[in-house]
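Okay, so here's the structure we're looking at.
The values are calculated or read from the model by the stated rules, or taken from the named source; none is laboratory data. Bear in mind that the values here come from a model prediction, so they are computed numbers and not experimental data. Positions of Cβ are generated from backbone atoms using ideal geometry, with glycine treated the same way; all protein chains shown enter the neighbour counts. Accessible surface is based on the protein model in full, side chains and every heavy atom, while ligands, DNA and RNA are left aside. Shrake-Rupley method; radii C 1.70, N 1.55, O 1.52, S 1.80 Å.
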Amino acid sequence: MTPMSLTIAVDLGGTHIRTASYNPESITPIARYRARTNAHEPGVFVRLVQAIENVWDPNVTSMGVASPGPLDPYTGTILATPNIPEWRNFPLAQKLSARFGVPVHLDNDANMAGFGEWTFGAGKGHHNLVYLTISTGVGGGVICNDALLQGFHGLATELGHMIIDPDGPPCGCGKNGHVESFSSGTAIARHTMEQIQAGVSSSLPSQGQLTAKQIAEAALAGDSLAVSAFARAGHYLGIAVANYLAIFDPSIVIFGGGVSQVGDLLFKPFEKSLREHTFHPHYLDNLVIAKAALGDDVGLLGALAWARFKRSNEMARVA
């Protein structure tokens, strides 16, 4: 009997490394493992290899890896990710392939999340899709005519880094006025603290680190500053998505990430702004706005879907 070809999926984050192995056609893992990345300490690659070894099986034939960018998916190289400072021009896919003896397919974590939602989640059945994750930062992935949009350098669809206002606040990347600098959890917290320190009345503490979750709780309790902070984020998010509609014309926009869980606080002002800024109302006809369906496993399942897709293409070429 021919052994089954198993796939390993890796979700590499700044906080955790998640690994899982899967039988063909299944999205239920045979084995799964999670470890701390300790991203600012030396030895991330060693910890990654150990995490893969914990789910390894001799029948594994391919591996998919979702990683923070910027990266080059065509060469499998991490260019320079702030989340893992020791990796600069780091040939991750090549190193993993040499270590485990199987093809390794690497791509941006937001791309992989979008690909996963399209394959297994809220985007099933759609041919043109925009996926946005709103958490510490803002990331995105796009499916265009049933294909993941990667671009010439593999750096396409960095949707969080679209410039909304060149004179706007600094983004985590060092540039100014990106979507991420207005609508991420980090941006919401920073704006709220700036307003408090400028003398705006709020029930929130004026010292220490605020989180978007704290601000959401205060907003739900009636804190007007907290409500306005989410309204501001939703307003700029609406402008951004209006731009994405004009560029990609998707049939569905899917929102993932922790900040997207706040509901109407963000999405009521978002919807108003989207209607106001969309180039033509026909873009909104039958447009689906949806929440991501795959939860915390979206990175793993995206990497799984990508590895299977790449393997099927390779097998078709051989045949």
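Worth pointing out:
- Pairs are defined by a Cβ separation below 9 Å, a sequence spacing of at least 6 or placement on different chains, a first member in the range 31-54 that is over 13 Å from T15 (Cβ atoms) and without any contact (Cβ under 8 Å) to a residue 12 or more places away in the chain, and a second member that is among the charged types (D, E, K, R) and open to solvent by 50 Å² or more (accessible area, probe 1.4 Å); the pairs so defined are G43/E86.
- Residue check for S21: open to solvent by less than 80 Å² (accessible area, probe 1.4 Å), under 20 Å from A305 (Cα atoms) and touching a Leu at 6+ places or on another chain (Cβ under 6 Å): yes
- Residue match in the range 158-166 (condition: of a type outside the set (S, T, Y), part of a loop (DSSP other than H, G, I, E, B), in contact with a Pro (Cβ under 9 Å, 6 or more places away or on another chain) and surrounded by 14 or more Cβ atoms within 10 Å (Cβ to Cβ)): yes
- Counted as qualifying within the range 191-307 are the helices (runs of 4 or more DSSP H) with 1 or more residues that are under 28 Å from G14 (Cβ atoms), open to solvent by 10 Å² or more (accessible area, probe 1.4 Å) and of a type in the set (S, T, Y), namely 224-248.
- Residue within the range 163-183 that is of a type in the set (F, W, Y) and under 30 Å from L71 (Cα atoms) present: yes
- Qualifying residue in the range 153-160 (condition: under 23 Å from T75 (Cα atoms) and free of Cβ contacts under 8 Å to residues at least 60 places away in the same chain): yes
- Single condition C173 does not satisfy, out of (1) hydrophobic (A, V, I, L, M, F, W, C); (2) modelled with pLDDT of 95 or more; (3) farther than 18 Å from I252 by Cα; (4) open to solvent by 30 Å² or more (accessible area, probe 1.4 Å): (2)
- Looking only at residues in the range 24-41 that are in a loop (DSSP other than H, G, I, E, B) and more than 20 Å from M112 (Cα to Cα), the one that is least open to solvent (accessible area, probe 1.4 Å) is A39.
- Applying the criterion of being among the small types (G, A, S) and either in a strand (DSSP E or B) or open to solvent by 50 Å² or more (accessible area, probe 1.4 Å) (or both) to the residues of the range 141-157, the residue that is farthest from A246 (Cα to Cα) is A147.
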